[in-house]
1. With point charges of +1 on the Cβ of Lys and Arg and -1 on the Cβ of Asp and Glu, referenced to the Cα centre of segment 410-562, which listed residue (Gly537, Val501, Ala419) lies farthest in the positive direction of the dipole?
2. At what distance in angstrom do the alpha carbon centres of segment 270-308 and segment 508-531 lie from each other?
3. Computed FRET efficiency, Cβ-Cβ of Asp391 and Ala573, R0 56 Å: what is it to the nearest 0.05?
4. According to the Cα gyration tensor, what semi-axes, each the square root of 5 times an eigenvalue, does the equivalent ellipsoid of segment 432-566 have, listed from largest to smallest in whole Å?
5. If all Cα-Cα distances of segment 617-690 are sorted into 10 Å bins from 0 onward, what percent lands in each bin, rounded to whole numbers?
6. Give me the number: length gained by fully extending Ser55 to Thr74, i.e. 0.36 nm times residue separation minus the C-alpha to C-alpha distance, one decimal in nm.
7. Just the Cα atoms of segment 518-592: what Rg and Dmax do they give in Å?
8. So with the 1.4 Å probe, I'd like the accessible area per residue for the chain, rounded to whole Å².
Amino acid sequence: MRMLLLAAAALLAAPAGAHAEATLTSREVPLHGARSLAAASPRQFDLVGLHWRGSGSVEFRTRSTGGRWGPWRTAAPEAEDLPDDPEGMRSNGWRIGNPYWTGPSDKVAYRLRGTVSRLRAYFVSSPSDGLPPRRLSVAGSPSVIPRLSWGANEAIRRAPPAYAGGVHFALVHHTAGANTYSPAQSAAIVRGIEIYHVKGNGWNDIGYNFLVDRYGQVFEGRYGGVGRNVIGAHAEGFNTGSVGVAVIGTYGSAQPSVAAQTALAGLLAWRLDLAHADPLSTLTWTSGGNPRFPAGTPVFLRAISGHRDTGFTSCPGNALYARLGAVAAQVAAVGLPKLYDPLASGDPGALVRFRGRLTTALPWVVTVTDPSGATVATGTGTSTEIDWAWDAATAPKGRYAWTISAGADVRAASGFVGAVPIPLTLGKPLASPATISPNADGKQDRSTITYRLSASATVTAALRAPDGRQLATLFRERKRPGKQSFAFTADGVADGRYSIVLSASDGKVTVVSEVAILVDRTLGGFKLASAAFSPNGDGRRDALELSFLLARSAHVRVEVKQGKPLVAALYMADLNAGPQTVGWDGLTSGKPAADGVYAAVVTVATPLGVVVHTLPFRIDTRAPVLRAVSFRRLVFRVDEPARVRVVADRRAYFRSVRAGRFSLGRSARVVSARADDVAGNVSRTLRWHR
């Protein structure tokens, strides 16, 4: 085995040529109220993914570099195609569409339905390089193209892999896009999905554990080891404990190729055998939480299930989903005999029971060894059902290894019973935010301190001055293992730099850690005159006005940003204490800024440090669209939140309404109506009389 692994490592280390690197470009699509529009795109791209905000939907089509437009497609938001705990970013209201492989393309067009307030396009260029991929087989696995061979960009991975305690079921997905890709393009598709998942969606790595193409090629997905229980990001609430395999292509009506089905079956036969999971079994799994199955919901699954079984999605497509039963039967027939469901229950100091199931009656052996490796107990039998108990009443407490074996043709199972004492550790505490201004203006008045304990302990939190003096004990409480947090409000604490010192003790060991925090009340009362404005020259909220209060002299910088990029530098000066006001006309580099969500940022520098306050606002130059469903019954529809004024039979009614349909609950003979939004845009006036 050691020689096999060394040979595999040498093979992969050998020069293989440079793969064409995938690149990603993001573009904000200016909507301007249009229902069908084209948008700027890179000169050429191979894959496109869309993010949007709003309850509506987005359709798109692309033009090939040969000049031919493809059909309109729905940018389906796979709401459950996510990490269990969003990695690196949260959606913040964005709906995330799947990456769609288009092949070489140069134009894209969009159609919007319903309410879509923002649209962002991600274009991936992932050319095929024609390099023959090298394959690797480890410990009986099928031929797998490892990350090195398909050109994974290890530099963009955001965090180390996370591992589950075991794999209990498989979830089959499809990707999205054309099924007409060539064998050489498959690696380019995988590279494109990787960069979209990481740089577009903000995940740690590609979401799937494996990918299979229509030619039967199997690609290693998420980093961490093909034979290890790597937690993917393919099925929110069901990632931990599963292996996610995506078949490259779209299989709503198109049948997956025989080569793809054979490769999928071979991959799952190996991976589920490694996990000792019966491919024909069923199980009830507790959801970790997603829009379809809230956290704690028991969900009935097959050991080989489709993505649609765990969430609101059509994935992996009707044609592929219909084949999963046949795939499971094929998986079950590969590599017999097998050992399923090995389990050890109980702890040393009592009875420990070992169970399992063989596909055919064979002689089996259960072996238990102590921490030194010496055998302390052995159980044997010949049957399909393995059931043996170790009387460990007199065994010293500790961690014991066990193995269930049934000959050279059956993959043995192993594990541990008994607990190992966990040493007490205290993770580095984090303060969010690290600078607070406790002046009761509702902005950064407090900080949340988070830390993690490895074991139960008594935790003491103290506030310490820069010279090392302890100023106050914040609390002393018994805490359980895991993530902990508390709020620091700085009541009665003067402005200055401090440390919060945490000490944890289990009665034997005491561990200490600390976090710095700045208390600075210089900046207060930061507010905007309106949450939105409309710089379109109509005299209604054409400018943004922001105000704040300085408690002492400071150097002040006022900016407008959209995400991280700077949009406009409004003001920079040394100011005295007192109220301050700054305005913005909505221009950036002499041109009007596009509609969208922005942030006003005030940065204040004092001898104590730097304080930054941020407030979001929106530019909206589009008037609300007000329509009459029934003038006589005073039923209307508006496409965005607005304040509506209706004059019915000379009596005025005012309503603040959400987007959608609303009624005044009466009838009228003469009606006029108009709507205005928070940015000051006014709809056209509707008039009617009977």
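1. Ala419
2. Cα centroid to Cα centroid, the span is 43 Å.
3. Details: r = 82 Å, r/R0 = 1.46.
Efficiency computed from Cβ-Cβ geometry: 0.10.
4. On the way: eigenvalues 324, 64, 27 Å².
For segment 432-566, the semi-axes come out at 40, 18, 12 Å.
5. Spelled out bin by bin, segment 617-690 gives 22, 56, 19, 4, 0 percent.
6. Working: separation 19, 0.36 × 19 = 6.84 nm, distance 1.42 nm.
The Ser55-Thr74 span can extend by a further 5.4 nm.
7. 13.8, 44
8. Numbers: 32090 Å² over 690 residues.
That works out to 47 Å² per residue.
The values are calculated or read from the model by the stated rules, or taken from the named source; none is laboratory data. Fair warning: this is a prediction, and the values are worked out from it, not measured in the lab. So basically every Cβ, Gly included, is an ideal-geometry build from the backbone, and we count neighbours across all protein chains shown. Ligands, DNA and RNA are excluded from the accessible area calculation, which covers all protein heavy atoms including side chains. Shrake-Rupley method; radii C 1.70, N 1.55, O 1.52, S 1.80 Å.
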